[in-house]
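Read-outs: derived from the displayed coordinates by stated rules, not from any lab. Keep in mind it's a predicted model, so treat the numbers as computed, not measured. Note that each Cβ is placed from the backbone with ideal geometry, even for glycine, and that neighbours are counted across all protein chains shown.
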Amino acid sequence: MRLVLTTDTHVPKRARDLPAQLWAAIDAADVVVHAGDWVDEATLDALAARARRLIACYGNNDGPALRARLPEIARATLDGVRLAVIHETGEAKGREPRCAAAFPDTDVLVFGHSHIPWDTTAASGLRLLNPGSPTDRRRQPHCTYMTAEIAGGRLGDVLLHRLPPRA
């Protein structure tokens, strides 16, 4: 099962559209995970129309219309892997134990908000993934997203993809 992980798309405030490379990855994926800060419903509609399956939550920059359509925390089980998706997890210091305590029945937690890619594993075994942002790199050298594979009830092959600078 091929996954695309993205967050903090901020369309149309930070970009007019998602990068072509990300759209190609979405088209090839079995599941797309979005950890909030869509900003406008048109992006949600476009992604939902193209994704085979979308698992998504809202973020702090998402207004009432998006919050009415999306949960604060999205959950799914994919081939035995228990996934949760949330926008904010708080400060980086202490993130792993804090999230492990908050998500004890979760194998993989996808989050956003910081625009900073993150890939760690808590002592409990909880894998924490932040794909960064495909449209707003903030203090990072590149805009990014992640892909991952799930097979045999295990998460494997998590890759961070750097996007080329926008023209």
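Over the C-alpha trace of the range 101-142, radius of gyration and Dmax come out as 11.8, 34 angstrom. Coordinate range of the alpha-carbon atoms in the range 1-103 per principal axis, descending: 37, 31, 25 Å.
About its Cα centre, the dipole of the range 2-163 is roughly 220 debye, where the only charges are +1 on Lys and Arg Cβ and -1 on Asp and Glu Cβ.
Length gained on full extension, ASN60 to GLU91, computed as 0.36 nm times the residue gap minus the Cα-Cα distance: 9.7 nm.
If you average the alpha carbon positions of the range 12-51 and of the range 124-167, how far apart do those two centres end up, in angstrom? After rounding, the separation between the Cα centres reads 14 Å. Extension gain for the segment ARG82 to ASP105, taken as residue separation times 0.36 nm less the Cα-Cα distance, is 7.5 nm to one decimal. The packing ranking, built from the mean of other Cβ atoms within 10 Å per residue, places the peptides 151-159, 15-23 in the order 15-23, 151-159, highest first.
At a 10 Å Cβ-Cβ cut-off, how would you order THR89, THR7, fewest neighbours first? With the fewest neighbours first, THR89, THR7 line up as THR89, THR7.
Taking the Cβ-Cβ separation of ARG75 and ARG16 as r and a Förster radius of 35 Å, what is the calculated FRET efficiency to the nearest 0.05? Computed FRET efficiency for ARG75 and ARG16 comes out at 0.65.
Put simply, when 103-110, 90-97 are sorted by average Cβ atoms within 10 angstrom per residue, most first, you get 103-110, 90-97. Cα convex hull, the range 51-116: 104 Å³ per residue, rounded to a whole number.
Counting only DSSP beta bridges with both residues in the range 11-104, the antiparallel share comes to about 65 percent.
Scoring 59-71, 129-141 by mean Cβ neighbours within 10 Å over their residues and listing the highest first yields 129-141, 59-71. When both bridge partners sit in the range 2-163, DSSP labels roughly 65% of those beta bridges antiparallel.
One chain, two ends: ALA151 and ARG139. Fully extended at 0.36 nm per residue, the span grows by 0.9 nm beyond their Cα-Cα distance. Taken about its Cα centre, the range 53-120 carries a charge dipole of roughly 160 debye when the Cβ of each Lys and Arg holds +1 and the Cβ of each Asp and Glu holds -1.
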